[in-house]
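The values are calculated or read from the model by the stated rules, or taken from the named source; none is laboratory data. Predicted, not measured: the structure shown is a model, and the values here were computed from it. Cβ atoms come from the backbone with ideal geometry, glycine included; neighbour counts cover every protein chain shown. We work out accessible area using only protein heavy atoms, side chains counted, and drop any ligands, DNA or RNA first. Shrake-Rupley method; radii C 1.70, N 1.55, O 1.52, S 1.80 Å.
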Amino acid sequence: KQMPNRCNRNKGLVMKIITILMMLLTLLFSQNMKQPASKFTSSGSVVDIVYKDGKVYSATNASCVDIFDYQSKKLIKKIEVEKIVDFAGDKIDAKVYSVDIIDDKILILSQDKGGFTRVHIHQNGKTELLFDHSKTLAIAKAKFLDNNTILLALLSDELISYDIKKRSNNWLIQVSGAKFSDFALNESKNEVVIADESGNLKIHNTKDGKLIKLLSGENLDNVFQVDYKNGIIATAGQDRKVVIYAPKFGSAHHVKSNFLIYSVGLSPSGKTVGYACDENNNVAIVDTISKSEIGRFSGNNMTLSKIVFVNENEFLVGSDDRIINQYSVK
């Protein structure tokens, strides 16, 4: 009669030990998480981030681009675009989908009425409309190729090279039949890598739009984001994989996560990659060659939208929150 009671007591003791160990492991893991070194506060949810020459440009869902001084973290300028009228006739904030900078020009892609988009160029204190919803384009991303040329990616996975002065297309290509997700330019801007829901990547020449290389067989589902630095390409996959490609050497390997990977960013050298690694919006930094984890970084309250390296040691993380967190790897 005493044996069952003794077994139950032993089981209870084992469960208590397991619980205590789990608590200790959780505490140890949280202590190893690095917190933000500093932060920037944007006007709205952060959609896109660009760092250039000591300034941080934050594209928001609040009809504006915020410009911060990187060192002081202070807002030094706000570029506002007009609000839009929704289907009910109410004025609402326009979401700024992407921002880019070349010399003294700032390129702003934002939401317009009817589900279409518009493009502005801000220069010399003035924001001029390049085109609006009347062009009936659903553009997902826009970046400069040079002072007079911008690259436009449509949700339909079409890619357009657009001449600013002539206000006409240089070329237009259909990348694939899948829905567009993201693109990234290399440093010289003569190549662009395009990601879509097929999981395959396509590298195209930006001079004429011709396909250079197809990268396939790694991500088997939608690629949310892609980055391209120093000849290295990294993906953020719905299939919970960060794939690291080195097209020059024809190599590819991946890092597996336990959660959907919404965002990815490479350091300037391509030697390290940061990615959204779990459901708590933490960021893991990993060596792209050895795949060894360098560190984990917490403090993001909402789904990540952008990871941008300032240099090899510092990076920025934007999310659906107003806060842009700045971290130090070391």
Of everything in segment 143-176 that's in a strand (DSSP E or B) and hydroxyl-bearing (Ser, Thr, Tyr), which residue is farthest from Leu215 (Cα to Cα)?
-> Ser168
Could you check Asn281 against (1) open to solvent by 50 Å² or more (accessible area, probe 1.4 Å); (2) farther than 23 Å from Ala246 by Cβ; (3) part of a loop (DSSP other than H, G, I, E, B) and say which number it fails?
-> (1)
Select from segment 292-310 the residues that are open to solvent by 50 Å² or more (accessible area, probe 1.4 Å) and in contact (Cβ under 8 Å) with a residue 40 or more places away in the chain and write down the one among them that is farthest from Val242 (Cα to Cα).
-> Met302
Failed criterion for Lys73 (all others in (1) under 11 Å from Tyr97 (Cα atoms); (2) surrounded by fewer than 18 Cβ atoms within 10 Å (Cβ to Cβ) hold) | (1)
Residue pairs within 9 Å by beta carbon, gap of at least six or interchain, first lying in segment 58-69 and of a type in the set (Asp, Glu), second not in a strand (DSSP E or B), listed first then second, are Asp66/Ser42; Asp66/Ser43; Asp66/Gly44; Asp69/Gly54
Taking segment 244-261 and keeping only residues that are assigned to a loop (DSSP other than H, G, I, E, B) and either modelled with pLDDT under 95 or not aliphatic (A, V, I, L, M) (or both), one is left with Pro247, Lys248, Phe249, Gly250, Ser257, Asn258, Phe259
Kindly list, by first and then second residue, each pair from a residue in segment 194-208 that is touching a residue at least 24 places away in the same chain (Cβ under 8 Å) to a residue that is acidic (Asp, Glu) and not in a loop (DSSP other than H, G, I, E, B), limited to pairs with Cβ atoms under 8 Å and residues at least 6 apart or on different chains.
-> Ile194/Asp182; Ala195/Asp182; Ile203/Glu191; His204/Glu191; Thr206/Glu191
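Filter segment 258-274 down to the residues that are open to solvent by 10 Å² or more (accessible area, probe 1.4 Å) and under 20 Å from Asp221 (Cα atoms), then identify the one that is nearest to the chain's Cα centre (by Cα).
Here is the first cut: in segment 258-274, the residues open to solvent by 10 Å² or more (accessible area, probe 1.4 Å) are 258-260, 262, 268-269, 271-272.
Now restrict to residues that are under 20 Å from Asp221 (Cα atoms): 258-260, 262.
Numbers: Asn258: 19, Phe259: 16, Leu260: 14, Tyr262: 8 Å.
The selected residue is Tyr262.
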Given Lys202, Lys241, Lys189, Lys213, which one is farther than 27 Å from Asp278 by Cα, open to solvent by less than 30 Å² (accessible area, probe 1.4 Å) and modelled with pLDDT of 95 or more?
-> Lys202
Counted residues in segment 40-54 being surrounded by 15 or more Cβ atoms within 10 Å (Cβ to Cβ) and either farther than 24 Å from Asn281 by Cα or among the charged types (D, E, K, R) (or both) come to 1
Checked segment 216-231 for anything more than 14 Å from Leu185 (Cβ to Cβ) and open to solvent by 30 Å² or more (accessible area, probe 1.4 Å); matches are Ser216, Gly217, Glu218, Leu220, Asp221, Phe224
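Name the residues in segment 94-114 that are outside any strand (DSSP E or B), open to solvent by 30 Å² or more (accessible area, probe 1.4 Å) and within 28 Å of Gly54 (Cα to Cα), would you? Break it down stepwise before answering.
Taking segment 94-114 and keeping what is outside any strand (DSSP E or B), we get 94-95, 103-104, 112-114.
This time we only want the ones that are open to solvent by 30 Å² or more (accessible area, probe 1.4 Å), so: 95, 103-104, 113-114.
Within segment 94-114, Lys95, Asp103, Asp104 qualify.
Can you find, within segment 158-177, the residue that is farthest from Asn200 (Cα to Cα) among those that are without any contact (Cβ under 8 Å) to a residue 24 or more places away in the chain and open to solvent by less than 30 Å² (accessible area, probe 1.4 Å)?
Looking only at segment 158-177, we keep the residues that are without any contact (Cβ under 8 Å) to a residue 24 or more places away in the chain, and these are 158, 160, 162-163, 165-166, 168-170, 174, 177.
Among the residues that remain, those that are also open to solvent by less than 30 Å² (accessible area, probe 1.4 Å) are: 160, 162-163.
Numbers: Ile160: 20, Tyr162: 25, Asp163: 28 Å.
Checked segment 158-177; the qualifying residue farthest from Asn200 (Cα to Cα) is Asp163.
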